[in-house]
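Visitor: My questions all concern the structure below.
The values are calculated or read from the model by the stated rules, or taken from the named source; none is laboratory data. Computed from a predicted model, the values in this text were never measured in an experiment. Reconstructed Cβ throughout: ideal geometry from the backbone, glycine too, with neighbour counts over all protein chains shown. The protein model used for the area step is the full one, side chains on, heavy atoms only, and it has no ligands, DNA or RNA in it. Shrake-Rupley method; radii C 1.70, N 1.55, O 1.52, S 1.80 Å.
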Amino acid sequence: MVLLESEQFLTELTRLFQKCRTSGSVYITLKKYDGRTKPIPKKGTVEGFEPADNKCLLRATDGKKKISTVVSSKEVNKFQMAYSNLLRANMDGLKKRDKKNKTKKTKAAAAAATAAVAAAAAPAAAATPATPATPAAPAATAATAAQ
Amino acid sequence: MPQYQTWEEFSRAAEKLYLADPMKARVVLKYRHSDGNLCVKVTDDLCLVYKTEQAQDVKKIEKFHSQLMRLMVAKESRNVTMETE
């Protein structure tokens with residue numbers, strides 16, 4: 001298992017995606033990490049270990065090659081932007097949805113979703129974008145049916 | 001291993017599962033370009049799965065991933081004071 005710096009991890013991850021384009025899968029795992037470097041002993045005390053709360057562990061593999069990185073709160077902003085772009089750029093082999101009513105709906109939903117997410121309050125935002133999207137869909141289909 | 005058909009249900013259940021035990025829960029993302037599908041699994045030994053072949057779900061999944069990442073690195077204020085001392 002190769003532990004890399006965030007930037008190097010992103011580069012290697014891009015390479016993994018490119019390698020697996022013709023066949024194979026890319027597995028990415030995300031988990032909260034508390035900074036421990038030693039396994040927990042079965043008995044006896046853990047030696048003065050202070051669990052850190054602000055890190056997460058990211059792993060990626062194509063079944064053969066393994067890479068990993070630790071992201072902390074200081075790097076998360078920069079890393080997250082680059083990581084999101086990477087995912088979006090590479091996971092482009094999926095089917096595109098039916099164009100007619102979906103383009104209107106997805107544009108409206110995307111605009112609403114980005115505005116809601118930007119305003120923070122992530123758990124609340126998870127519920128609210130659902131409600132604006134559903135009234136928009138029947139309105140869009142009614143409009144196309146009328147035409 | 002419940003498999004969800006709608007993204008809404010899956011993301012809500014997944015977030016609840018993570019918040020129940022943040023240290024134990026993990027998110028696995030499996031992408032197959034040759035087959036053109038994407039599979040998301042959130043587990044803490046109990047699994048929730050969501051599979052898709054739709055391009056529109058990629059954005060949602062990627063946002064979800066980022067959201068969870070932020071949750072995991074949150075509570076930084078407490079740690080920053082500890083580090084400076």
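Visitor: List, by residue number, every residue in region A:28-47 with a reduction of 40 Å² or greater in accessible area between the chain on its own and the complete protein assembly, 1.4 Å probe.
Guide: A:I28, A:L30, A:K31, A:K32
Visitor: Would you kindly derive the ³J(HN,Hα) couplings of region B:22-33 from the backbone phi angles with the Karplus curve 6.51 cos²θ - 1.76 cosθ + 1.60 (θ = phi - 60°), listing them in order in whole Hz, with x for Gly and Pro?
Guide: x, 6, 8, 6, 9, 10, 10, 10, 10, 10, 10, 6
Visitor: Are there any trypsin sites (Lys or Arg not before Pro) in region B:1-57 that are in a DSSP loop and have at most 15 other Cβ atoms within 10 Å? List them by number. All intermediate terms of the calculation are to be shown ahead of the outcome.
Guide: Working: sites: B:R12, B:K16, B:K24, B:R26, B:K30, B:R32, B:K41, B:K51; in loops: B:K24.
Filter output for region B:1-57: B:K24.
Visitor: Okay, moving on. With a 1.4 Å probe and all protein chains left in place, how much accessible area per residue does region B:5-53 have, in Å²?
Guide: 47
Visitor: Classify region A:4-91 as rounded, prolate or oblate from the Cα gyration tensor: take a ≥ b ≥ c as the square roots of its eigenvalues, call it rounded if a/c is under 1.5, otherwise prolate when a/b beats b/c and oblate if not.
Guide: Working: a/c = 3.44, a/b = 1.78, b/c = 1.94.
Taking the square roots of the gyration eigenvalues as a ≥ b ≥ c, region A:4-91 is oblate.
Visitor: Within a Cβ distance under 14 Å of B:E9, other residues only, what is the Lys/Arg minus Asp/Glu net charge?
Guide: Combined, the nearby Lys, Arg, Asp and Glu give +1.
Visitor: Would you mind checking the tilt of helix B:55-72 against the longest principal axis of the Cα atoms of chain B, expressed as 0 to 90 degrees and rounded to 10?
Guide: 20
Visitor: Separate question: Using only the alpha-carbon atoms of chain B, report the extent along each of the three principal axes, biggest first, to the nearest angstrom.
Guide: Computed over chain B, the largest-to-smallest principal extents equal 52, 24, 20 Å.
Visitor: How large is the convex hull of the C-alpha atoms of region A:1-48 per residue, in Å³?
Guide: Values: hull volume 5.6 nm³, N = 48.
Dividing the Cα hull volume of region A:1-48 by its residues yields 117 Å³.
Visitor: Restricting to lysines 8 or more places apart or on different chains, can you count the pairs in region A:15-85 with Cα atoms under 16 Å from each other?
Guide: Number of lysine pairs found: 9.
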